[in-house]
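Engineer: For reference, the structure I am asking about is given below.
Every read-out reported here was derived from the displayed coordinates using simple, explicitly stated rules and does not represent laboratory data. The structure presented is a predicted model; accordingly, all values stated were derived computationally and were not measured. Because the Cβ atoms are built from the backbone with ideal geometry, glycine has one as well, and the counts that use them run over all protein chains shown.
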Amino acid sequence: MTDVLKAQDVASQIYLDANATTPVLPRIADVVSHTMQVCFGNPSSSHITGIQAKHLLEQTRSKARQVIGAASGEILFTSGATEGIQTAVVSTLIAAKNHDKKKPVLLYGATEHKAVPNTLAHWNKVLGLGAEVMAIPVDRFGKLDLDFIAAHVGDALMICTMAVNNETGVAQDLDKLEQVIRAHNPDVAWMVDCVQALGKKALALSDTTIDYAPFSGHKLYAPKGIGVLYIRQGSPYTPFIAGGGQEGGMRSGTENLPGIAGLNELFSLLNDAASDVFKSHDTLEGYRRALADALEDTFGKITFHHRFEDSVPTTLNFSVNELTSKEVMDLFDAAGIRVSGGSACSSGANRSFVLDAMGLSNWQSENAIRMSFGPAASEEEIAEACKRIRALKPILAANCLVISDSATSGQEACAMGLTQLRHQGACCWLYVSAARELVVIDPIVELIPRIEKLVVNQGLKTVVVLDTHIHQERISARALLQEILMPDVEEGNDLGWNGPVTLADATLERVATPGHSEDSVSYLLRQNDKVAYCFCGDLILPGGLGNTAIAGGDAAKMYTSLIALAEKLSPDSVICSGHDYQQCFAINWQTQQQQAPLLKRVVAGAISGEEFVAEKSASDDTLQTEKGVLCGYVDNAFSDAHAELDAATAKSKLSAEPDVVLLDIREPYEHDATPVASLFGIADNRVLNMPLSRMADALTKGLISPDNSYVLLCRSGNRSRQAAVNLRLLGFDKAYNLKGGLALLG
Ligand code: PLP
């Protein structure tokens, strides 16, 4: 661990995710709090307390006009941008109900926040408009296709564009857009989502023909739950919320006065040319350059997904050429830097539709990182962020994540023995013998650069690259990897097999194990005549059996294969499957049987071939319909609540019981970036870094023992929970999970 990271207080996070949300500035929080406690009146009340509240409300409205350049038109307080978008869309579509267009369309930019197309589609359906909701394409740089707009806006009932994109910071040229839109349709309702433009771009809305412009307070240091909608004078309007007639009947419900007071203070700052709270464009550009330099120095090959000259200076969207976004996020998280993968606003998405629309590669879209700061960022914060990013460089090098100039001793731990590499639930296994001979099983295309680096950095000699079967859900990387790692060696059969392999400390044999597919084989790695590892592809999956209801699947053959394997395995042979949906990482033959009752009955001779076929086929059919998993299923949901400790209990356990070991199950690059021992006030030698990817290796080598007591730790408590439960299944009765992980350590 570097000194910088050791010294760092992990609680002092560097927050670089301002496009998702921002902290409330202390002076804004003061005003909000004052308004809740002192100036708390209801603006509709006629007494003095109410009048004061009303004054604050109107004063804020007038400051908003100044900030967004809206001398005319309406300024409405909303709960945020999503409500502003609803209001604009509903108002427009209700007004357009009796349109006379033959093929009406609702246009929106392809990179728009999902609130926009989803709202258009929703109200189009609810109001029965029957319009086509149509995305306006963008070019490689995220700019809207003006020719497309020119061709379609004539049929449009509404067009929605955004001033600044939340993932990339790309700003649209609103003047050009206006020219094209109005040249082809002077009357169409035009909404511009201005959420990410506030405080970053000058706006003069009432000088334009923009009809609606939503804003949101929490994107610029004001609280969540307050926003503003600008409505051009004369544009259609239907109240979205009816009730007591507040906001002149345009938006009922008692006003969120504390939020409005927060906006009041924010707008004062934005209007105050003498204030230095918000930095100048040039200063912010300097910050972005500094961060970009630190990233390039640290990670080497980086692709920025947008042109800096086209985007606001507070956003950087990039991918590290050979690291997944998860790895980069984990690293940043361990170093106390908060960034986001893709768009934090669209939860659940693991690729970016914004980058897809820009035509970027799969890799870039799946592995994008967004780093964003607010315009009130300070030079010190950015300098600290750069320092922490640079401090990751030796950690990356020591963990073979980036090709380093020289081999360091830390690399030794990376590859000797067995390592599980994963990509989206699929597993690739590496075995490195004592003489640095490498066996690769079930390689995955996305992992090729990683494996290549490992081979180069650690001086490995590739002996064989194998598949357990032709995978139906993905293209095999075997031939390609073999070509890269061992170009002079003759190709084996379709799965890469050239005959039994003898390594310095192990042998590898092949057994035909059809069942999941006709060509399925298992590879048995023997050490001292015992099968240490069984690479069985999708014949057996942790806690279950492979699917037989796919092309080439055959339950009768699976039955025979399982019996054949059972004769060769011992209870502690580690089962290394082609998928690990349960995130078990290590399961031995004995536990596997306990977890898969059907398998247990086969091995015990308690079920005939016919019975097995009937049961397996029936369960495959239901599970396939219910879960839609191609390769296999895990029948049982692991759960074991009592194995969880909260942070306080874990800390007191560690201090009261000197034999308890803190097992950090994160990858070494994450572990190295966090001062784990000092966070728990224990000596360094009581912390063991045992990443999940090396759990199977640790089990066979006896690096962890069921006799000992462990508290398992990861970032969020999820991975470690799975590992603790799994260890308990393996007989580790004193394995406990730290609930909430580092995140809830406090
Ligand atoms: N539009 C953009 C560009 C955004 O970034 C967001 C943020 O999530 C929204 C709309 C939605 O804003 P709100 O959270 O205020 O509803």
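Engineer: Once phi is turned into θ = phi - 60°, what whole-Hz ³J(HN,Hα) does the Karplus curve with 6.51, -1.76 and 1.60 give for every residue of the range 356-365, x standing for Gly and Pro?
Structural biologist: 4, 5, 7, x, 6, 6, 4, 4, 5, 5
Engineer: In the neighborhood of LEU177, defined by Cβ-to-Cβ distances under 12 Å, what is the net charge if each Lys or Arg adds +1 and each Asp or Glu adds -1?
Structural biologist: -1
Engineer: Multiply the residue gap between SER716 and GLU518 by 0.36 nm, knock off their C-alpha separation, and tell me the result in nm, one decimal place. Intermediate results must be reported in sequence, preceding the final value.
Structural biologist: Values: separation 198, 0.36 × 198 = 71.28 nm, distance 4.08 nm.
Here the segment from SER716 to GLU518 would lengthen by 67.2 nm.
Engineer: If you take every DSSP beta bridge fully contained in the chain, what fraction is antiparallel? Give it as a percent rounded to 5.
Structural biologist: Of all bridge pairs located within the chain, approximately 55 percent are antiparallel.
Engineer: Going 7 Å from the Cα of ASP659 along its beta-carbon direction, which residues of the range 703-746 have the amide nitrogen within less than 16 Å of the resulting point?
Structural biologist: 704-711, 732-736
Engineer: Please work out the C-alpha center-to-center distance from the range 427-445 to the range 515-588 and express it in whole Å.
Structural biologist: A separation of 17 Å, based on Cα centres.
Engineer: Moving on to the next point. If the cut-off is 18 Å between C-alpha atoms, which aspartates and glutamates fall inside it for LYS301, apart from same-chain ones fewer than 8 positions away?
Structural biologist: LYS301 reaches ASP293, GLU322, GLU327, GLU366, ASP405, GLU446, GLU452.
Engineer: How about the range 79-163: which trypsin sites (Lys or Arg not before Pro) there are in a DSSP loop, with at most 15 other Cβ atoms within 10 Å of their Cβ?
Structural biologist: For trypsin sites (Lys or Arg not before Pro) across the range 79-163 that sit outside H, G, I, E and B with at most 15 neighbouring Cβ atoms in 10 Å, the list reads LYS97, LYS101, LYS102, LYS114, ARG140.
Engineer: Something else about it: Express in nm, to one decimal, how much length is gained between LYS600 and VAL445 on full extension, taking 0.36 nm for each residue of separation and deducting their alpha carbon distance.
Structural biologist: Working: separation 155, 0.36 × 155 = 55.80 nm, distance 3.44 nm.
Full extension of this stretch gives 52.4 nm more.
Engineer: Can you compute the helix-only [θ] at 222 nm over the chain? Use -39500 (n - 2.57) per DSSP H run of at least 4 residues, normalise by all residues, nearest 500 deg cm²/dmol. Can you show the working numbers first?
Structural biologist: Details: 26 runs with 262 residues, N = 746.
Result for the chain: -10500 deg cm²/dmol, rounded to the nearest 500.
Engineer: Report the local net charge at GLY234: Lys and Arg +1, Asp and Glu -1, summed over other residues whose C-beta lies under 13 Å from its C-beta.
Structural biologist: That sum, taken over residues with Cβ under 13 Å, equals -2.
Engineer: Within 10 Å of each candidate Cβ there may be at most 16 other Cβ atoms; applying that plus a DSSP loop requirement, which GluC sites (Glu not before Pro) in the range 471-550 survive?
Structural biologist: Details: sites: GLU473, GLU483, GLU490, GLU491, GLU509, GLU518; in loops: GLU473, GLU490, GLU491, GLU518.
Here the sparse-neighbourhood loop sites are GLU473, GLU490, GLU491, GLU518.
Engineer: Another one. What nm distance separates the two modelled labels at HIS47 and ASN118, each placed 7 Å from Cα along Cα→Cβ?
Structural biologist: Using points 7 Å along Cα→Cβ, the separation is 4.3 nm.
Engineer: Return the long-range amide H neighbours of ASN547 (sequence gap of 5 or more, or a different chain), with a cut-off of under 5 Å between placed amide H atoms.
Structural biologist: Here the answer is GLY632, TYR633, since their amide H atoms fall under 5 Å of that of ASN547.
Engineer: Given the Cα-Cα distance of ASP733 and ALA383 and 0.36 nm per residue of separation, how much length would full extension add, in nm?
Structural biologist: Values: separation 350, 0.36 × 350 = 126.00 nm, distance 4.64 nm.
Full extension of this stretch gives 121.4 nm more.
Engineer: Rounding to the nearest 10 and keeping the result within 0 to 90°, find how far the Cα-based axis of helix 48-68 lies from the longest principal axis of the chain.
Structural biologist: For 48-68 against the chain, the angle is about 80 degrees.
Engineer: Moving on to the next point. What ranking do ASP293, ASP554 get, fewest neighbouring Cβ atoms within 10 angstrom at the top?
Structural biologist: In order of increasing Cβ crowding within 10 Å: ASP293, ASP554.
Engineer: Further question on the same structure: Sort GLU112, GLU644 so the one with the fewest other Cβ atoms within 10 Å of its own Cβ comes first.
Structural biologist: Details: GLU112 26, GLU644 19.
Ascending Cβ contact count within 10 Å gives the list GLU644, GLU112.
Engineer: So, one more: Along the Cα-to-Cβ line of ALA273, 7 Å from the Cα, sits a label point; which residues in the range 61-82 have backbone N less than 19 Å from it?
Structural biologist: Answer for this model: 63-71.
Engineer: Further, regarding this structure: Quick check on the exposure proxy: order LYS279, LYS701 from fewest to most C-beta atoms within 10 angstrom. Could you put the intermediate results ahead of the total?
Structural biologist: Working: LYS279 21, LYS701 13.
The fewest-first ordering by Cβ neighbours comes to LYS701, LYS279.
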